[in-house]
Amino acid sequence: MKDATPQPVYLRDYRPFGYHVDEVHLTFRLDPGATRVIARIRFSPNRDAPGPFVLDGEGLDLKWARIDGAAIYPEVTETSLTCEVPDAPFTWEAEVEIDPAANTALEGLYLSNGMFCTQCEAEGFRRITYYPDRPDVMAPFSVRIESDLPVMLSNGNPGAAGEGFAEWHDPWPKPAYLFALVAGDLVAYPDRFTTRSGRDVALNIWVRPGDEGKCAWGMEALKASMRWDEEVYGREYDLEVFNIVAVDDFNMGAMENKGLNIFNSSCVLASADTSTDADFERIEAIIAHEYFHNWTGNRITCRDWFQLCLKEGLTVFRDQQFTGDMRSHAVKRIDDAITLRARQFREDNGPLAHPVRPESFVEINNFYTATVYEKGAEVIGMLKRLVGDAAYSKALALYFDRHDGQACTIEDWLKVFEDTTGRDLSQFKHWYSQAGTPRLSVTEEWRDGVFHLHFEQHTPPTPGQPDKAPQVIPIAVGLLNPNGDEVLPTRVLEMTEAKQSFAFEGLATRPVASVLRDFSAPVILSQETDNATRALLMAHDTDPFNKWEAGRAFAKDLLCRMVTDGAPPESAYLDAVLAMLRDEGLDPAFRALALGLPSQDDLAQTLYERGHTPDPLAIHDAVETLVQAMAQHMQDTLPRILADMVQDGPFRPDAASAGKRSLGNAALALVSRLDGGKAAAAQFASADNMTQQLAALACLLTIGKGDAQARAFRDQWQHDRLVMNKWFGLQVARAAPDRAADIAEKLTRDPDFTWKNPNRFRAVFGSLSANAAGFHAPGGKGYGLLGDWLGKLDAVNPQTAARVSTAFETWRRYDADRQAQIRAVLETLAAKPDLSRDTAEMVQRMLE
Ligand code: ARG
Ligand code: ZN
């Protein structure tokens, strides 16, 4: 039976909880099908904000409850518990039974390969025991675990342990979403770290026996993160131990539970044989992200889930800074812009658009989005750019000082900047409340020896927000003279009006403007320009982001014209890219990025905005034509690049080595268009690392030739579940448009398609939706296949089903046939009687 339509929760309805929690004691008697959880909790009335005593609880079988030792009989519903309580501090005790083995949703306490583990953010703790499961209730926790498993972990510092039990104490008050428990047959990869004040910390990465050889990289990343947070933010670690656990069945990437981070095994386990350079970089970044949460998230947490960006936007921003420091700021900024455009702009320009700080939700798990995370990070980057580095550091120091131990809001965050700088940030706050990607247009004027930039901004309507106010936009600008010499180094213009002009005096000749350097704001820029100017910026811009962006914008316009007017690939573009490819003064990683093209999804959105109905096949064909033309145009240079990028000696995952492989593999992809896959087949056969092996396989599959290698790959990697995810994913991602849905379907019938594992499900269906032309191929087979599988997955794992349903979020761009097909799929899902609240909310928002 479907519940009554779940009601949204509103930010404006926030009320503090009527009680404080002074301490929490939990005892777990672990049993796969019948775990007992005994809670003893000290509550005291909140005199500042009296309110009813209502605890959250879902799927719990209450055995008994007592207050101050006397039995009570609370009123229990599907989602809550209430009872009479004294008007004075009291001790609550209760025992519940739960069934981890039956928990396929992977929220609360569940089993993964026989290992007990938890995921409590956002609202999973209520599936463990009755509790005020909200982030503004913070308390110290003591935990006793009883089982015959060899390893039993929880938050904080270890306490007594013996035959069949282990105790843990976390002295730092925390909200329940940061609670964690792990128990199983695990082995540790240990290390130590000395904090700058001399505290000795025991570090461990806990894995299944056999995975010990994949921990070294994660451990190095952890130590680097700990050091970096001390050096850059002055933040030191605050417990005796820091544990990381790798878990195969996990809905998201990782979780920052206090002192006991739990990771999707794909986000922590690494080895040269089994992990690509992209995996190494991602693992380093996610380890850092979760570690950085210890201060931005745990010591200072969120008052309520509407403030999620307070911890996520800031922590993403911090992990981006870290990766830039460890590797290359230029390359990282370009990578981040690519991700933002692919995921956040897509979200922000469709039916799922929402502000960085949403004002209502039905299911909070649906708001762990690119907007909250990545746009949330961009907003912090803009703030830093506006106030300057020194003021940013001062503001952060004040933030940690003022709010340590508190559950805070975006208002608290902005106030710290206002108090530090004396600025009024009320207009800036629109970045948190207004959804949608601002459109920024610029025109240039040269009059009486003065150069003018005239800007206009406009943010299109989004669901529930028809009208938008002008935003504060930091626009980093530099000027070049027509020879390509910089005549004005980067200066940040502060745009606050709908229309605003800036004048530049003292120039001898009309300059060339480099606008929105370093991608200084998450906006869509339109600028009248010509091929010669673009080529000049590609060759001479001192700002690496805009040097890359000039080529990217050039490719985008060219591809749009190829689709709409059948224009041929232009040699001006090919020449300019070739010049970058040959420029040995440029970092190989940067040159690899310069060879990349805008995504087909991005092209579809751009065409749609320019008044066309995008045809995914026509877009695919245009990209194929351009890639072929690039290969031909560069054919004399490519073999030399391939040769130059070869590296001797054992695999090293550092940024410089990875950059060389990245350029070599970009060249290989082009060479494969010319040699029928000969070089790629040779690389596949000789590769001694996953980056080279997988890239070669991708080249072959892309030209329709990799079947034998795909079989060999499977034979080689059958035993490795993480590598097998790549095998599943790549075949769909690289399938020709007319074959993608068939290949995906065939893979769902593979005995190794363990679809209840989120990584495996996403490998097939995330790749299907990422293959734009394949997903949208005529006939709608891809839509129907995904719809059926979402329905099936929703019954066991609503959170992952809801997330993958975003494959449909762009549906209104397309023609009437495709829209009708997708609408039918969404309506079929919506009509399912037992559809989860998670997926129901997503489908409803997409249909509205
Ligand atoms: N806080 C985690 C992170 O970003 C993400 C956990 C999200 N979990 C969820 N069920 N929505 O590091
Ligand atoms: Zn996070």
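The values are calculated or read from the model by the stated rules, or taken from the named source; none is laboratory data. Quantities reported herein were computed from a predicted structural model and do not represent experimental measurements. Every residue, glycine among them, receives a Cβ derived from its backbone with ideal geometry; neighbour counts consider all protein chains shown.
Every condition in (1) within 16 Å of ligand 1 (Cβ to nearest atom); (2) touching a strand residue (DSSP E or B) at 6+ places or on another chain (Cβ under 8 Å); (3) in contact (Cβ under 8 Å) with a residue 40 or more places away in the chain is met by residue 289 except one, and the failing one is (3). Restricting the search to region 499-517, which residues are assigned to a loop (DSSP other than H, G, I, E, B) and more than 16 Å from residue 545 (Cα to Cα)? Selection gives 505, 506, 507, 508, 509, 510, 511. Here 66, 144, 127 are screened, and the one residue that is within 16 Å of ligand 1 (Cβ to nearest atom) and on the phi < 0 side of the Ramachandran plot is 127.
Residues considered: 784, 779, 774. Of these, the only one that is farther than 17 Å from residue 614 by Cα and either of a type outside the set (Asp, Glu) or not in a helix (DSSP H, G or I) (or both) is 784.
For region 302-313, enumerate the residues that are basic (Lys, Arg) and either in contact with a Lys or Arg (Cβ under 7 Å, 6 or more places away or on another chain) or away from ligand 1 (no atom under 11 Å from the Cβ) (or both). 303, the sole residue that qualifies.
Exactly one residue out of 351, 355 is surrounded by fewer than 21 Cβ atoms within 10 Å (Cβ to Cβ) and either assigned to a loop (DSSP other than H, G, I, E, B) or of a type in the set (Gly, Ala, Ser) (or both): that is 351.
Per the listing 741, 680, 736, 708, the residue uniquely buried (at least 23 other Cβ atoms within 10 Å of the Cβ), over 29 Å from residue 285 (Cβ atoms) and not charged (D, E, K, R) is 741. Residue 110 meets each of the listed conditions (1) within 16 Å of ligand 1 (Cβ to nearest atom); (2) at positive phi apart from (2). Screening 229, 200, 211 for residues that are over 22 Å from residue 121 (Cα atoms), within 15 Å of ligand 2 (Cβ to nearest atom) and not polar (S, T, N, Q) leaves exactly one candidate, 229.
Just wondering, is there one or more residues in region 323-344 that are farther than 30 Å from residue 600 by Cβ and more than 15 Å from the chain's Cα centre (by Cα)? Yes.
Test residue 426 against the criterion of being over 24 Å from the mean Cα position of the chain (by Cα), at pLDDT 95 or above, on the phi < 0 side of the Ramachandran plot and not in a helix (DSSP H, G or I), and give yes or no. In short, yes. Note on region 226-242: residues that are within 16 Å of ligand 1 (Cβ to nearest atom) and of a type in the set (A, V, I, L, M, F, W, C) total 1. The set of residues from region 58-109 being among the β-branched types (Val, Ile, Thr) and either within 16 Å of ligand 2 (Cβ to nearest atom) or closer than 21 Å to residue 23 by Cα (or both) comprises 67, 72, 82, 85, 91, 96. With respect to the conditions (1) farther than 16 Å from residue 26 by Cβ; (2) surrounded by 12 or more Cβ atoms within 10 Å (Cβ to Cβ), residue 87 falls short on a single one, namely (2).
I need the full set of residues from region 463-480 which are more than 15 Å from residue 523 (Cα to Cα) and crowded, with 17+ Cβ neighbours inside 10 Å, in order please. Once the filter is applied, which keeps residues that are more than 15 Å from residue 523 (Cα to Cα) and crowded, with 17+ Cβ neighbours inside 10 Å, region 463-480 yields 465, 478, 479, 480. Restricting region 277-301 to residues that are within 11 Å of ligand 2 (Cβ to nearest atom) and touching a Lys or Arg at 6+ places or on another chain (Cβ under 6 Å), the residue that is nearest to residue 695 (Cα to Cα) is 292. You will find that of 795, 801, 824, the residue that is in contact with a helix residue (DSSP H, G or I) (Cβ under 7 Å, 6 or more places away or on another chain) and in a helix (DSSP H, G or I) is 801 and no other. Kindly indicate the residue of region 358-372 that is in contact (Cβ under 8 Å) with a residue 40 or more places away in the chain and under 29 Å from residue 226 (Cβ atoms) and also surrounded by the fewest Cβ atoms within 10 Å (Cβ to Cβ) among those meeting that condition. The qualifying residue surrounded by the fewest Cβ atoms within 10 Å (Cβ to Cβ) is 368. Select from region 243-275 the residues that are within 16 Å of ligand 1 (Cβ to nearest atom), part of a loop (DSSP other than H, G, I, E, B) and of a type in the set (S, T, N, Q) and list them in ascending order. Residues satisfying the conditions are 251, 257. Being at positive phi and buried (at least 22 other Cβ atoms within 10 Å of the Cβ) is a property that residue 519 has. Annotation note: Cβ proximity below 8 Å between a residue of region 814-827 that is closer than 19 Å to residue 601 by Cα and a residue that is of a type in the set (Lys, Arg) and surrounded by fewer than 21 Cβ atoms within 10 Å (Cβ to Cβ) (sequence gap 6+ or interchain) occurs for 819/812.
Entry remark, region 232-243: residues being without any contact (Cβ under 8 Å) to a residue 60 or more places away in the chain and either within 16 Å of ligand 2 (Cβ to nearest atom) or of a type in the set (D, E, K, R) (or both) number 1 in total. Taking (1) free of Cβ contacts under 8 Å to residues at least 60 places away in the same chain; (2) part of a strand (DSSP E or B) in turn, residue 471 satisfies each apart from (2). Taking the condition at pLDDT 95 or above and in contact with a Cys (Cβ under 6 Å, 6 or more places away or on another chain), does residue 680 pass? When the stated conditions are applied, residue 680 passes them. Among the residues of region 206-216, those identified as surrounded by fewer than 21 Cβ atoms within 10 Å (Cβ to Cβ) and either of a type in the set (Gly, Ala, Ser) or under 24 Å from the mean Cα position of the chain (by Cα) (or both) are 210, 213, 216. A single entry from 405, 324, 381 fulfils the requirement of being more than 16 Å from ligand 1 (Cβ to nearest atom) and in a loop (DSSP other than H, G, I, E, B): 405. Regarding residue 829, is this residue farther than 22 Å from residue 348 by Cα, modelled with pLDDT of 95 or more and either buried (at least 22 other Cβ atoms within 10 Å of the Cβ) or of a type in the set (Lys, Arg) (or both)? Spelling it out, residue 829 is indeed farther than 22 Å from residue 348 by Cα, modelled with pLDDT of 95 or more and either buried (at least 22 other Cβ atoms within 10 Å of the Cβ) or of a type in the set (Lys, Arg) (or both). Does any residue of region 262-276 turn out to be more than 15 Å from ligand 2 (Cβ to nearest atom), surrounded by fewer than 22 Cβ atoms within 10 Å (Cβ to Cβ), at negative phi and among the charged types (D, E, K, R)? Yes, region 262-276 contains at least one residue that is more than 15 Å from ligand 2 (Cβ to nearest atom), surrounded by fewer than 22 Cβ atoms within 10 Å (Cβ to Cβ), at negative phi and among the charged types (D, E, K, R). Any residue at all in region 244-254 that's touching a residue at least 60 places away in the same chain (Cβ under 8 Å) and out of contact with any strand residue (DSSP E or B) (no Cβ under 8 Å at 6 or more places or on another chain)? No: zero hits. Of all residues in region 291-336, those being over 15 Å from residue 373 (Cβ atoms), of a type in the set (A, V, I, L, M) and buried (at least 21 other Cβ atoms within 10 Å of the Cβ) number 3.
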